[in-house]
Amino acid sequence: MNASKYLVADGNNVSIGSVSLERLKQDFGTPLYVVDEQDFIDRAKVFKDNFKSSKFETRILYASKAFTNLYMAGLVDSLGLYTDVVSGGEIYISLKAGEKAKNLYFHGNNKLRSELEQAVDADLGTIVIDNESEYELLDKILKEKNKVQACLLRINPSIDAHTHKYIQTGGDDSKFGMSVHLDETKELIKKLSKNEKIDFKGFHCHIGSQIHDEKFFFFEVEVMLKYAKDIENNLNIKIREMNFGGGFGVYYTSEDKPFDLETFLQRYAEKIEEKLLNLDMNLETVSIEPGRSLINQSITMLYEVGVIKTTSTGLNYIFVDGGMTDNIRPALYGAKYEAFIANKISEEPTTKYTIAGKCCESGDILVKDEMLPKASAGDLLMIPNAGAYTYAMASNYNKLSKPAVVFVKNAKAKLAVRRQSFEDLVSNDEVYKNE
Ligand SMILES: *Cc1c(COP(=O)(O)O)cnc(C)c1O
């Protein structure tokens, strides 16, 4: 089974980090996000140990939009990772968790004045400028506050990586960044480098997500470094940092063939070194921003099976106690997952099921056409490899409470986010008064 590293099946008893799933169900209820903490720690180490160079400093930024909360941000900080944040809320969580402001990179295509002020006030490490208007707004804020801010400029490298269109970001129609094809981009770079309030370090780019072919990342390095060299030569501006983004593909189902992370990361760093040598360039810092590839495998979702129904057409449904509210990806863009019945894990799969949630939407489906042992009410359904963009996109549709998040490691389970109560659901509401 492809799942987090410390998920172990012993007969019909499945455990993660030496805590049985039945125990987790009893103690924390379902639906539940179970984080295999050691699996995450191990993967962070794979990134740090393999994306290395003697020619430049390397930084691993965790793209916190994939999955974050105070506990997670604290863990990320303790592992020496930097963090990519995309909103005032994410900045707030990272800082509140104790991350150093210097370790944050702030992204976004429409950063609000309030968010830019928050970032500048907090002395955030790096703001990744997306466009000209944002530059003008930031320039105003920096003058008002008389502060200097380190910045990168997001470049759209015009690369169409083969992935789903909603998670593709580097093509020419993308809403992100400034195009390599436009003269305005060069004009903006000139302004950035001349501005005394801006410490212009270099470029950022991110070509998309869930990319399985290494060649797109190598191509991205070529395009971006050539562009950087061109800027150095023609505009006489020194480029010191390059951030090549994230998007490394992961395993969801047998349709996904992710590359081996260790070898890829080593070759990626070598490729950058080689290209720099060819171009006679040097950089101080090279950063990458994995989100999904760091967290996705570490989280397994648990549900309790409720009703089982066979339609007139012979389709077998398993209904679970959550659904699109805790994982909207299948409904949003047809994402696929594998599912297992944890308490029947050693039994033969005999029946084809579609696993649906309890929300009032026909599209509320988690997994289609999964072969499983005969299911019954009360079974514990498990969906591994469900860490990225699941809790992060959770909603209260149908007024379902957001599930709890529990971290397990070394036979200990720690509650990181408690399940929302009904009170939580109305905590922002005002009561109607007939006056
Ligand atoms: C979303 C995002 C990432 C992370 O993407 P993954 O596919 O989760 O690795 C990195 N950088 C930027 C700018 C992003 O928007």
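The values are calculated or read from the model by the stated rules, or taken from the named source; none is laboratory data. Here the structure is a predicted model, which means the values were calculated and not measured. FYI the Cβ positions are ideal-geometry reconstructions off the backbone, even for glycines, and counts take in every protein chain you see.
What number of residues within the stretch 240-268 satisfy the criterion of being more than 16 Å from the ligand (Cβ to nearest atom) and either in a helix (DSSP H, G or I) or over 22 Å from residue 230 (Cβ atoms) (or both)?
Of the residues in the stretch 240-268, 9 are more than 16 Å from the ligand (Cβ to nearest atom) and either in a helix (DSSP H, G or I) or over 22 Å from residue 230 (Cβ atoms) (or both).
Test residue 183 against the stated conditions and say whether it is modelled with pLDDT of 90 or more, charged (D, E, K, R) and more than 16 Å from the ligand (Cβ to nearest atom).
Against the criterion (modelled with pLDDT of 90 or more, charged (D, E, K, R) and more than 16 Å from the ligand (Cβ to nearest atom)), residue 183 qualifies.
State the number of residues belonging to the stretch 317-330 that are surrounded by 18 or more Cβ atoms within 10 Å (Cβ to Cβ) and in contact with a Ser or Thr (Cβ under 6 Å, 6 or more places away or on another chain).
3
For residues in the stretch 364-414 being more than 16 Å from the ligand (Cβ to nearest atom) and aromatic (Phe, Trp, Tyr), which is nearest to residue 40 (Cα to Cα)?
Looking at residues that are more than 16 Å from the ligand (Cβ to nearest atom) and aromatic (Phe, Trp, Tyr), I get 407.
If we only count strands (runs of 3 or more DSSP E) wholly inside the stretch 1-65, which ones have 3 or more residues that are in contact with a strand residue (DSSP E or B) (Cβ under 6 Å, 6 or more places away or on another chain) and closer than 19 Å to residue 244 by Cα?
57-63
Residues to consider are 71, 33; find the one that is surrounded by 24 or more Cβ atoms within 10 Å (Cβ to Cβ) and at pLDDT 95 or above.
Only one candidate passes the filter, namely 33.
Just to check your reading of the model, which residue among 99, 134, 144, 115 is charged (D, E, K, R) and within 15 Å of the ligand (Cβ to nearest atom)?
Going through 99, 134, 144, 115 in turn, the sole match is 134.
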